Every structure is written in structure tokens, then in C-alpha cells.
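Asker: What follows is a structure written as C-alpha cells; I'll ask about it next.
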Amino acid sequence: MPSAMILIADGTEEMEFTITYDTLVRAGVQCRSVFIPEPKFSEFAGSSSPPIVKGSRGINIMPDAYFDASQCGPDKFDVMVIPGGAKGAETMSQNSQVQTLVRDFLAQKKLVGMICAGSLSALTSDLPKQPLTSHPSVKSKLVDNFEYSEDAVVISGNLITTRGPGTTFPFALTLVELLCGKEKRAEVYGPMVFPVGTPW
């Protein structure tokens, strides 16, 4: 069974986190949400009881676990997902252990997904210049270092990026296809009952 680690921090965009988690679970992917604390709270990392996360719209979400880099590597998961939300994305992108994991996942040919401002982690992780997208609000920080695209979902090898809450459905379905195949994507897609003419 494929497995996914979905990062979460205070300020994470709730739709991006939830849509990804939910869609992957529908495909039979084993998901685990991992809380990344702000630097000032890093001494609490490793606790067995993560706090409730307050998302970017004030919705509370209970993560599955606190971040422990030794338990979050590419030997444990098939995909690592970094959602957006300005504050949450900043916390994740500035975390040196998250940066190391981004490089490790890609080096081990595992998938890395970045949503919205989560694409800043591509920059802080010193990834080579390649196709990428993000929320328009952080485009200026990325455009000089990457082959910036405004496509809804951009696949560059094992790096998959998307633009924001509204593109998270096609992003999550793309992850399903990459992890589980086209048939599973179609199986998940149907019961979600998208409006006729939805372009993904």
C-alpha cells in the first residue's frame, strides 16, 4: 500500500491539506499528517501528543504526529506533501530538516508535492532549475530560479507542484495516478461527482 506524509503547521491552508489527505485516503493510500512547529517551539518536537493546529482560516486540525525527521524519510513514505498557507509554508520552508527531506525524497526517486506557497520549499531546499508553479503571491520569489509555469499542476520528474486551493483537486488526483495508476484515479474521481465539464 502506498504511503503519504502530509506536513501541517499553524497557518496551513485547510483546503489544501484536507483535500489532499482525503483524496489520497479514498485511493487507499496510507496517510500520516506531521506537525512542523514554529522555530520558537522547536524544543517540543518529538512529543507524542501534537497540539491542535490552527489553519489559515482559523479551522482547528489535529495532526497525527509531531515531526521527527528520523521517522519521516523516504524509507518510510512514498510521497511527501507540503501544503501552502503563507504562515505554514514559511514555517515549513525555513525548517532545515524539511529542506533535507525534500532533497532526500527526490534523490530516492520518491514523490514530493508542493501546493501554493508550499513551493517556496523548492527554493529553500536549493532544488535545481526546473518547471514549477505556485500561488501567484509568491511567483516573484520563484520566477528567477525556476522555469515558472501558470499551469494548474506541473510535473517535473518526481516534483509535483500546484497553484492553490482551487487546483488542489487535480493535484491530489495526479498524486493518486502517480502512486496507484490511472484506473484508481478514475475510481476515486467518479464518486466525488465533479460538475459536468470540470477540466480534470
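Asker: Among the residues that make up segment 107-114, is at least one of them charged (D, E, K, R), modelled with pLDDT of 95 or more, touching an Asp or Glu at 6+ places or on another chain (Cβ under 7 Å) and closer than 22 Å to Thr174 by Cα?
Answerer: yes
Asker: So which residues in segment 103-112 are surrounded by fewer than 24 Cβ atoms within 10 Å (Cβ to Cβ) and either assigned to a loop (DSSP other than H, G, I, E, B) or among the β-branched types (Val, Ile, Thr) (or both), if there are any at all?
Answerer: Residues satisfying the conditions are Gln108, Lys109, Lys110.
Asker: Something else: Scanning for something buried (at least 22 other Cβ atoms within 10 Å of the Cβ) and free of Cβ contacts under 8 Å to residues at least 60 places away in the same chain, does segment 134-145 turn up at least one residue?
Answerer: Checked segment 134-145: at least one residue is buried (at least 22 other Cβ atoms within 10 Å of the Cβ) and free of Cβ contacts under 8 Å to residues at least 60 places away in the same chain.
Asker: Provide a single number: the residues in segment 163-173 that are more than 13 Å from Glu13 (Cα to Cα) and under 12 Å from the mean Cα position of the chain (by Cα).
Answerer: 2
Asker: Does segment 46-65 contain any residue that is farther than 30 Å from Pro191 by Cα, part of a helix (DSSP H, G or I) and free of Cβ contacts under 8 Å to residues at least 24 places away in the same chain?
Answerer: No.
Asker: Moving on. Consider only pairs whose beta carbons are under 6 Å apart and that are at least six residues apart or on different chains; among these, list those whose first residue lies in segment 1-24 and is in contact (Cβ under 8 Å) with a residue 24 or more places away in the chain and farther than 17 Å from Tyr189 by Cα and whose second residue is in a strand (DSSP E or B) and among the hydroxyl-bearing types (Ser, Thr, Tyr).
Answerer: Sorted first by the residue in segment 1-24, then by its partner, the pairs are Ile6/Ser33; Ile8/Ser33.
Asker: Let me ask something else. In segment 1-35, which residue that is of a type in the set (S, T, N, Q) and assigned to a strand (DSSP E or B) is nearest to Val53 (Cα to Cα)?
Answerer: Ser33
Asker: Gly118 - would you say it is in contact with an Asp or Glu (Cβ under 9 Å, 6 or more places away or on another chain) and within 27 Å of Val53 (Cβ to Cβ)?
Answerer: yes
Asker: Consider Val79 against the criteria (1) within 21 Å of Gln30 (Cα to Cα); (2) more than 13 Å from the chain's Cα centre (by Cα): it satisfies all of them except one. Which criterion is unmet?
Answerer: Only one criterion in (1) within 21 Å of Gln30 (Cα to Cα); (2) more than 13 Å from the chain's Cα centre (by Cα) is unmet by Val79, namely (2).
Asker: Return the residues of segment 115-154 that are in contact with a strand residue (DSSP E or B) (Cβ under 8 Å, 6 or more places away or on another chain) and of a type in the set (Val, Ile, Thr); say none if nothing qualifies.
Answerer: Ile115, Thr133, Val153, Val154
The values are calculated or read from the model by the stated rules, or taken from the named source; none is laboratory data. These figures come from a predicted structure and were not determined experimentally. So basically every Cβ, Gly included, is an ideal-geometry build from the backbone, and we count neighbours across all protein chains shown.
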